[in-house]
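One structure is given below, encoded as structure tokens.
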Amino acid sequence: MRAGFVWILSLACCPLAAWPLLAHASYRRFSLGCRLGLATAAGSVLLSGWMTLLALAGISWRTIPLVALAAATAFLLRFPMEPGEPSRPGPARRDPASFPEKLVLAIAAVAVLVALAATASAAATSPDLLLFWGPKAQAFAVARTVDASLLRDPLLNYLHVSYPPLVTNLYAFASIAAGRLGWGAATLTFPLCLAALALALPGVLRSAAPRRLAWAASALTISALGFLGNEFDVAGNGEPWLWLFETLAMALLVGDTGTTASGQLLAGLLLAGAICAKVEGLPFALASVALFLVIRRKDLRIGSAAARLLLPGGLGLGAWFAFGATRHIFYGYEQYGRLLDIHWERLGPVLAGIGKYLWRPGWALPWLLPLAALILATRKSRLALLPTVVAALLAAFFVFTYLHSPDASLWIEWSGGRVFSTLPALLAIASLCREGDETFTAR
Amino acid sequence: MKPRSDSSQFFFFLVGAAVLTAIAIKRLPPLPELLHAPSTPFDHSAPAAAALYRLFAEAAAVVPAGASVASICEPRDPVRETLLHREAIALLPGRKVLAAAVWNTPTRSEEKADYLVIVGPKPASSPGRLILETPAGSVWRRSDR
């Protein structure tokens, strides 16, 4: 029991590591709670990034030096901020929240508590924790590095050796701190990530929409993700981390923070988190950055914006692939078949299978409600295209991937609901993008 | 005064969030089970996996670090033993876990193991000395080691 407490408490090093960055004046527009949530996400990226780099360099992991390295990096990242960037004040609108506004915050809080209750009662645990994430993390913790001998073992290639390392790195970090992997504690990363998202999202969305709408859209997002997490048993899996990174990155990109150096730097770190958390984080990041640069080109210096958004992820993934290549283990992601070897005749069954698994949890309401919010929203701006098209491209990517299997029915049963679970957040964010709402920080 | 579209959008979000949260609450395990600490992380999400988790967790207490161990099932089934090997890799860290089956194909590597974790009923012929028995299976020390 004690090891489990230490395991989960050690993840407090994530916000600690990123606080030197989030304490910068550029981020004081966000509330303390919002910055805490953002620091949790950014700190996990910095910690994991250093773990990968040290593994590449052949240097053993030690918890305190790792936190110190991540915190020093966070401090150094303050310097690329544009000197002229105004240290914007916190939200000027200090009028007390109305009852309906308090109600949406309360609903989001209850959604997090429900996720905690489901997880703590062992009702939301992912089998992949036992078969995939956990064994790798505990071997990495014992080896105090990415265990090349484990990844090289042909009997263990079911562990998806090339899978990006963020989740296993963080679990290994906590396991080193606790002395062993806390299986139950690892499941609590689901409500933990949801809580970090619930803290950060309302504040980040305020830079894109009026306060009441930002808070309400956040509540819908948190409720949908919490519901899907319980239904699809994601506790201990990579999805909660992916939700945290992708949702916050997209919320930053559609807000007025997206046009600032500080906003882009933070979004770049979060996109790096998505890229290094799960394979599908890479198409999300590439599509998001490409569309962002096109849609907001008039507000940006394209080169520097692209660098801030893509360099952290490129560095993280590059270090991981360099590790695989230098140890002769992998030279890129595992293939799910030849790129153009597609079973088009399976399109109908694949779409039917996906529809079945999206319908099962609550009659597809977690997707239909944000979609309806987007369709019903008035005065939609061009910015709404960013999350909407990214969601559509991701959906197409998943279908395209499933079409590589001659019979993907089992694959869809096992993963279909989870991979589509990021879409509700993107649709809810898109529904907030309206003409005339571009600048809300000072409201 | 808020524009009308703002209010309708706000209440749509609010009602949507409330509905999803209400359904999530309804699908939680019953209150007594919520208040009772689970014995494994899989008690409600995968009860079959929970029984195996308990067996391997108890096996970890009797199979010493560094020993070789294989997990098989009775009656023998290479498909199930492929999965059992993966669970043993996760739950018996520090031991040399041998695969009785890989990708649903028997390997016979279990014959080289110091310890056997047998899921299901005890085998007809004893593979060694019984050192642990649970409702889910048993753990044996091979007599010829």
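Just so it is clear, none of the values below were taken in a lab; they were calculated from the coordinates. The shown structure was predicted, so the numbers you read here are calculated from the model rather than taken from an experiment. As a convention, Cβ positions derive from the backbone with ideal geometry for all residues, glycine included, and neighbour counts pool all protein chains shown.
The largest-to-smallest principal axis extents of the Cα set in region B:24-145 are 53, 29, 28 Å. Per residue of A:126-132, other chain Cβ atoms within 10 Å of the residue Cβ number 5 on average. Compared with the dominant Cα axis of chain B, that is its longest principal axis, helix B:47-62 is turned about 50°. For B:Ser39, neighbours were defined as the other residues whose beta-carbon sits under 12 Å from its Cβ, and their charges (Lys and Arg +1, Asp and Glu -1) total -2.
Each of B:Glu33, A:Glu345, B:Glu58 has some number of other Cβ atoms within 10 Å of its Cβ, and from fewest to most they run A:Glu345, B:Glu33, B:Glu58. Neighbours of A:Gly236 by Cβ distance under 13 Å: Lys/Arg scored +1, Asp/Glu scored -1, total -1. Helices assigned as whole DSSP H runs in chain A whose Cα atoms extend at least 27 Å along their own long axis and whose mean Kyte-Doolittle hydropathy is 0.0 or higher are found at A:32-57, A:99-120, A:211-231, A:302-326. With only the Cα atoms considered, the protein assembly as shown has a convex hull volume of 151 Å³ per residue. What residue among A:Ala384, A:Trp414, A:Pro349 has its Cα farthest toward the positive end of the dipole of region A:338-414, where the charges are +1 on Lys, Arg and -1 on Asp, Glu, each on the Cβ? Checked the options; the winner is A:Ala384. When region A:274-336 is described by a simple charge dipole with +1 on each Lys and Arg Cβ and -1 on each Asp and Glu Cβ, the residue from A:Leu286, A:Tyr333, A:Ala306 located farthest towards its positive end is A:Ala306.
If only the Cβ of Lys and Arg carry +1 and only the Cβ of Asp and Glu carry -1, the dipole of region A:210-328 around its Cα centre is close to 520 debye.
Mean per-residue shielding of peptide A:378-390 is 1, counting Cβ atoms of other chains within 10 Å of each Cβ.
Relative contact order of region A:173-231: what whole-number percent is it, with Cα pairs under 8 angstrom and at least 6 residues apart? Walk me through the numbers on the way to the answer.
Details: 26 pairs, mean separation 16.7, N = 59.
Averaging sequence separation for qualifying contacts and normalising by length gives 28 percent for region A:173-231.
Helix content alone sets the calculated 222 nm mean residue ellipticity of chain A: runs of n ≥ 4 DSSP H residues at -39500 (n - 2.57) each, divided across all residues, give -21000 deg cm²/dmol. When A:His328, B:His36 are sorted by how many other C-beta atoms sit within 10 angstrom of their C-beta, beginning with the fewest, the order is A:His328, B:His36. Using Cβ point charges alone (K and R +1, D and E -1), the dipole size of region A:29-174 about the Cα centre works out to roughly 340 debye.
When chain A is treated as a GNM with alpha-carbon contacts under 10 Å, the residue of A:Ser421, A:Ser44, A:Ser304 showing the greatest mean-square fluctuation is A:Ser304. Select from A:Gly58, A:Phe30, B:Phe12 the residue farthest towards the positive end of the dipole of the protein assembly as shown; place +1 on Cβ of Lys and Arg, -1 on Cβ of Asp and Glu, and compute about the Cα centre. Toward the positive end, the furthest listed residue is A:Phe30. Among A:Met250, A:Met81, A:Met1, A:Met51, a tally of other beta-carbon atoms within 10 Å of each Cβ gives an order, fewest to most, of A:Met1, A:Met81, A:Met51, A:Met250.
Count Lys and Arg as plus one, Asp and Glu as minus one, and take only other residues whose Cβ is under 10 Å from that of A:Gly203; the net charge is then +4.
Secondary-structure-derived ellipticity at 222 nm for chain B, considering helices only, amounts to -12500 deg cm²/dmol, per-run term -39500 (n - 2.57) for DSSP H runs with n ≥ 4. Taking every residue in A:155-167 and counting other chain Cβ atoms within 10 Å of its Cβ, the average works out to 2.
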